[in-house]
Amino acid sequence: MKTLKGVAGLVLVASLAGFLALRQQQIRASVTDRDSIAYWAAATLLLHHQDPYSAPSVLALQRSQGYEADKPLVLRTPPWSLWMVLPLGLLNPYWAWVVWLAVLLASLLLSMRISWRMYGDGIRPPAIILVASYLFAPVPACLVAGQLGMVLLLGIVLFFVTEGRHPLLAGAVLLIPFAKPHLFSLLWPILAVWIATRKKWSLAGGFALSFSSAVAIAWALDPAVFWHYREMLRQASIQYEFIPALSGVLRLIFFRRFFWAQFLPMAAGLLWSGWYYWKNRRIWSWGAHGPALLIVSVLTTPYAWMTDEVILLPAILQGTLWVYRAKPNLTLRSQLAIFAFGCMDGLLLLLLRAKIPFSTGIYFWSSLVWASWYWYAERFRSSLAT
């Protein structure tokens, strides 16, 4: 049986490689619309010891590959994240996209497997877990856009599963979600308190080692990389952009002129996270309590796109399992509520299918759906415990 599965896998990989090679010209035309073109451009410039955040240089590279928009797709993640995309600079944009897509798919599958290992109780997950994973709207959104989110997802679930037995490794993998620290804004202060009170110095050492290594790589290739990053942020004028997150919409409606207002939800989230940690400090487990922090972090972050919400997959699966285990006791009212959540996810999938741009802000309510689902499902965990 294992041999048969191995042969089937090889045939599938070979068929996929043949399809990509035969359809290269057709697919190549759409590659410039994916975020992977920004990763490829930054990596190419950095490998040539140039500024990876230079808008003119990035635009020239992207135009040479058929990019038609006036505004270049410039990588906005900080210098310590550049190591993740650096290998893409060794390839042309098409094969960089293929490799990047493979990385995203592998990250998704590994994250699902690890999440099942943390929250499941059998060898194989039930079908509902696979359905919830693949139809979680940010998953196809992230794959289509070629965004970084699934790699961040893998990093955070690796931290959840390793912090108990392998603290040095757990600290090292935190470098991955730290590529977009604002998405995990509620996690970092709680993590600092937890490290100090539990004396988890080896975990802190693992993070310090991986962070310094990542910075050294960026510095070696571009000694002025931090100055270049700062200039990119200044020129981008992000404070004047509409960010289609909940905080961005609230600012647009009530505090249009005040950039600081975009951070008010995060301030409220920090107060909540302090209370949540204090309440659970004696039994704190990152695998059990971390998903709640992720939910509120994404809900209150000042800067996020729907593709970033893929990092919430562990929380979505955790909630799905709570509901699945309570299936025999579900009332008609509960079944209707679950159906409503499924319809809202389906509506987001239809919007994605219609190719409505994220920048329109039409997806801003998605984080509210995931937060509502998690806290609704949490009720069933409490009932199972009793």
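For the reader, a short list of remarks on this structure follows.
- Scanning region 205-254 for residues that are over 18 Å from Thr301 (Cβ atoms) and modelled with pLDDT of 85 or more yields a count of 30.
- The single condition among (1) over 21 Å from Asp35 (Cα atoms); (2) crowded, with 20+ Cβ neighbours inside 10 Å; (3) at pLDDT below 95 that Ser111 does not meet is (3).
- Taking region 55-104 as the range and being more than 22 Å from Tyr229 (Cα to Cα), open to solvent by 50 Å² or more (accessible area, probe 1.4 Å) and not in a helix (DSSP H, G or I) as the test, the residues that pass are Ser64, Gln65, Glu68, Leu91, Asn92.
- Across region 345-364, the number of residues qualifying as surrounded by 17 or more Cβ atoms within 10 Å (Cβ to Cβ) and at pLDDT 90 or above comes to 4.
- Wholly enclosed helices (runs of 4 or more DSSP H) of region 105-224 bearing at least 1 residues farther than 24 Å from Gly319 by Cβ and touching a residue at least 12 places away in the same chain (Cβ under 8 Å): 138-145, 167-173, 187-198, 201-221
- The residues of region 141-162 that are modelled with pLDDT of 95 or more and over 16 Å from Phe211 (Cα atoms), listed by number, are Met150, Val151, Leu153, Leu154, Val157, Leu158, Phe160, Val161, Thr162.
- Hey, Leu336 more than 20 Å from Pro265 (Cβ to Cβ) and open to solvent by less than 10 Å² (accessible area, probe 1.4 Å) or not: no
- Filter pass, Ser273 being open to solvent by less than 40 Å² (accessible area, probe 1.4 Å) and modelled with pLDDT of 85 or more: yes
- Pair list, Cβ < 6 Å and 6+ apart or interchain, from region 265-279 residues that are closer than 10 Å to Ser297 by Cα to residues that are open to solvent by less than 30 Å² (accessible area, probe 1.4 Å) and not in a helix (DSSP H, G or I): Met266/Ser185; Met266/Pro302; Gly269/Leu186; Ser273/Leu186
- Region 185-199, residues that are surrounded by fewer than 17 Cβ atoms within 10 Å (Cβ to Cβ) and either of a type in the set (Val, Ile, Thr) or in contact with a His (Cβ under 6 Å, 6 or more places away or on another chain) (or both): Val193, Thr197
- Failed condition for Cys142, given (1) within 17 Å of Trp370 (Cα to Cα); (2) over 11 Å from the mean Cα position of the chain (by Cα): (2)
- Matching residues, region 200-259, being open to solvent by 50 Å² or more (accessible area, probe 1.4 Å), among the β-branched types (Val, Ile, Thr) and more than 26 Å from Ile295 (Cα to Cα): Ile217
The values are calculated or read from the model by the stated rules, or taken from the named source; none is laboratory data. Note that the structure is a prediction, hence the values are computed from the model and not measured. Because the Cβ atoms are built from the backbone with ideal geometry, glycine has one as well, and the counts that use them run over all protein chains shown. These area figures cover heavy atoms from the full protein model, side chains too; ligands, DNA and RNA do not enter into them. Shrake-Rupley method; radii C 1.70, N 1.55, O 1.52, S 1.80 Å.
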